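Worksheet: the structure to be examined is printed underneath.
The values are calculated or read from the model by the stated rules, or taken from the named source; none is laboratory data. What you are looking at is a predicted structure, and each value in this text was computed from that prediction instead of being measured. When we count neighbours, we look across all protein chains shown, and the Cβ atoms used for this are built from the backbone with ideal geometry, even at glycine.
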Amino acid sequence: MKLKIVKGTRDIRNEELVRFQIIEKSAEKIFPLYGYNEIRNPIMERTELFAHGVGEETDIVGKEMFLLEDRRKRSLALRPEGTAQIVRNIITNDLMKQNKTLKYYYMGPMFRYEQPQKGRYRQFHQIGAEYFGVETPDADLELILMLRHLFNDVNLKGVAFQLNSIGCLKPNCRPQFKSNLVQFLKDNQHNLCEDCQKRMTTNPLRVLDCKNEKCIQIADGAPKIYEKICDECAANFKDLQNLLERHNVKYELNEKLVRGLDYYSRTVFEVYSSNLGAQSAAGGGGRYDGLFDIYGAKTVPAIGFALGLDRLTMLLDKPKPKSEGFFVIGANQEAVIKLVSEVRENGQKCLYDPHFASMKSQFRQANKAMAKKVLILGEEEIKNNQIAVKNMGTSEQITISTDQLNHQFDN
Ligand SMILES: [Zn+2]
Ligand SMILES: [Zn+2]
């Protein structure tokens, strides 16, 4: 049998895993400070949850969703993102009935079926948070502050945000902007890329964030959406900017920042770090006040963000391996294992050589394991109820009596 990993997936271990854990632990520490509870949703959902939510003509459903069929030929999807299933959970359990607001965060693998390329996987990893029940920009502000807090905590430098408002569905707001935009695009049609020629009718806003060189140039001259939105949306956007300034959040307006789907409204943002450069975002978010309606439920204002861990982890400084814990060296199996257990039960990391090789070899292993201290149990020490303690950093060696062992522990 030939063992082979599935295309577009990978095993995460050692130093890369440490980077993942740095961000995950930081999120676990920081998000609850803002009142967010973790939620663990299934990896699989019925395909219609996403098909319904994100619309048939988007790329996610069109070609990117990772679909499976169960034995009864029902279509299941490996989740492409985290928001829809949290909304599903809230609706099916009627959670907004007992709560005026709800806050959830999640972390875990997401899936898409596309050609893997550098840094893009079929199984990728996200951390996200969703805030339900608050219509005012306080919710937007809080999410942005929480993201800044996280980035600072994991030492990502130069956190900055890009911000846009894509208005609402009132006729004098986004719909009017859209028809202005379509008119503008028609005038420039022959210079647009092939995809954008199609998007012009299916999803014209998305032309604004096309990465094609020619399309970027055309988008530069396009009408700016935040200048065209309705008065309420404009006031809301101004409020958010004032709040951000009061909290010293660095941001820039970016009129090309859009979401193509109708259930998105008002605030859209992306977060950048100077570790990453100005070109690509580490994550992004936005308001989706219309998503509950799509599922036929009562309207719930909502905003959330998601971070791509696979890329974010590459930005962290190389984790420094640090020496820690103990390594017990000796030839007397019973005495060694007894001491190892005692150290572990005191909450300290402790290793030993299960093959009981030569002293020299055991020392080499202690070095490789980066033990801070080596506890040596020679015949002499065992006879006298003593332990020789070698500090691997200073090479200093002392002999202690066994009942003094706890003085060697870190607290
Ligand atoms: Zn509006
Ligand atoms: Zn294009």
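Residues satisfying the criterion are present in the stretch 295-304 (criterion: surrounded by 20 or more Cβ atoms within 10 Å (Cβ to Cβ), touching a Ser or Thr at 6+ places or on another chain (Cβ under 7 Å), over 30 Å from Tyr352 (Cβ atoms) and at pLDDT 95 or above). The helices (runs of 4 or more DSSP H) falling completely within the stretch 186-271 that include 3 or more residues that are within 17 Å of Cys168 (Cα to Cα) and modelled with pLDDT of 90 or more map to 231-246.
Does Phe237 qualify as being touching a Lys or Arg at 6+ places or on another chain (Cβ under 9 Å), within 21 Å of Ile86 (Cα to Cα) and hydrophobic (A, V, I, L, M, F, W, C)? So Phe237 fails the test. Considered as a group, the residues in the stretch 281-323 that are under 15 Å from Phe269 (Cα atoms) and among the aromatic types (Phe, Trp, Tyr) include one that is farthest from the chain's Cα centre (by Cα), and that residue is Tyr288. When Lys186, Lys224, Lys228, Lys211 are screened for being within 16 Å of ligand 1 (Cβ to nearest atom) and loosely packed, with under 15 Cβ neighbours inside 10 Å, only Lys224 passes. Filtering Lys322, Lys338 for residues that are within 15 Å of Gln386 (Cα to Cα) and either assigned to a loop (DSSP other than H, G, I, E, B) or not assigned by TED's automatic domain parsing to the domain that holds Glu24 (or both) leaves a single hit, Lys338. Inspection of the stretch 119-142 identifies at least one residue that is in a helix (DSSP H, G or I) and among the hydrophobic types (A, V, I, L, M, F, W, C).
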